[in-house]
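We did not get these values from a lab; they are worked out from the coordinates using the rules stated. A quick note: this is a predicted structure, and the numbers were derived from the prediction, not measured. Backbone-built Cβ (ideal geometry, glycine too); neighbour counts: all protein chains shown.
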Amino acid sequence: MMEFARPLLLLLVPLGIILFIWRQRLVSEPGALRHSHLKLLVSDSASPRVRLSLLMPWITAFALVLLLLGLAGPRIAHHSEDVEGEGIDIILSLDISGSMRSLDFEPDDRLGAAKKVIDEFIEGRPHDRIGLVVFAQKAFTQCPLTLDHQVLRGFLDEVKIGLIEDGTAIGLGLATAVARLRHSESPSKTVVLLTDGVNNVPTLEPETAVELARSLDVRVYTVAIGRQGLVPFPVDDPIFGRRTHQVETKIDLELLQTIAKQTGGQMFQATDPQALESIFRTIDELETARYTTTVSTWYRELMPWMVLPALLILLLEGLLSVTWLRRLP
């Protein structure tokens, strides 16, 4: 179906036609000439030059009308349609504190294993708007809610330990994720919080973040990454290079259980890559919601097909008026 992007400009077309007709009438007023032998001035056929000079005003008027039509933005619109599917708004809140370097998810560390599983999770939900928050001592939005998952996965790939000062601000990480959903109109708003530690930054208490989530009807799934106790941890030695030591780690499972329970979600613990993949498959199955969206309409622009010929005609008319059709006083 053809339409115009700027239809108000079409109002200039009839106005231009009226002005042109009025001008032609003024120009075409016959003059009087007295001569004793008028038959000498009669010519059976006008020359091509005279014919073209008489035709040029009409050609110019046609070019101007064509130009106005082109400026009005003619285009062929392809009909949009409503499509039903499944989709929700999800914010992934990822711990990037130093303890995420632990090597109990070999061959990757905890962060590397989490990024791989998150990447697969994003790829498997093409109709969801997904965003990414990272936290350590502080928290910030790595990527807001988006359907452009290629961009989101690019931001995920750039996540690394050291982007933020070390620490584990679980409350701040949760609150930042929930805040990204405050304007969401999705029937289901979800946060997936992944951490391997204990809240040790008193900037914002987790209980406050939970209340914020409940007030906005946000469901939170918490995922504890790794096991408690002694785990292998890489240490860079200036003499012997990188070595692996056993370090003590602790995860506040009780806090994660409370967060999930009070927001209507679930708590999971992953002690190996396979368990982490299974957890995300479970979340993937749990989080579905019906939605209706409109497929974006695309247009075939016709403006160049009108504007370019009009400009060429006007250019030709200008050249002829100063050369072959030039009028001498």
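The figures follow:
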quantity: Cα-centre dipole for the stretch 83-293 with unit charges at Cβ (Lys and Arg positive, Asp and Glu negative), debye to 20; calculated: 240
quantity: Cleavage-rule hits (GluC sites (Glu not before Pro)) in the stretch 178-281: DSSP loop, at most 16 neighbouring Cβ within 10 angstrom; calculated: Glu185
quantity: Under 17 Å from Lys138, Cα to Cα: lysines that are on another chain or at least 8 residues apart; calculated: Lys160
quantity: Whole-Hz ³J(HN,Hα) from phi, Karplus 6.51 cos²θ - 1.76 cosθ + 1.60, for the stretch 170-175, glycine and proline x; calculated: 4, x, 5, x, 6, 5
quantity: Farthest toward positive dipole pole in the stretch 83-293 [+1 Lys/Arg, -1 Asp/Glu at C-beta], among Ile225, Leu174, Thr146; calculated: Leu174
quantity: Amide H contacts under 5 Å for Gln269, placed H, 5+ residues apart; calculated: Ala224
quantity: In the stretch 187-270, the chymotrypsin sites (Phe, Trp or Tyr not before Pro) that fall in loop regions by DSSP, at most 10 other Cβ within 10 Å; calculated: Phe240
quantity: Additional length obtainable on full extension of the chain from Asp148 to Trp58, 0.36 nm per residue less Cα span; calculated: 27.2 nm
quantity: Ranked list, fewest to most other Cβ atoms within 10 Å of each Cβ, for Leu302, Leu111, Leu312; calculated: Leu312, Leu302, Leu111
quantity: Relative contact order of the stretch 163-287, pairs being alpha-carbon contacts under 8 Å that are 6 or more residues apart, as %; calculated: 25
quantity: The stretch 83-293: relative contact order in percent, alpha carbon pairs under 8 Å with at least 6 residues between; calculated: 25
quantity: Radius 14 Å from Cβ of Met267, net charge of other residues (Lys, Arg +1; Asp, Glu -1); calculated: -1
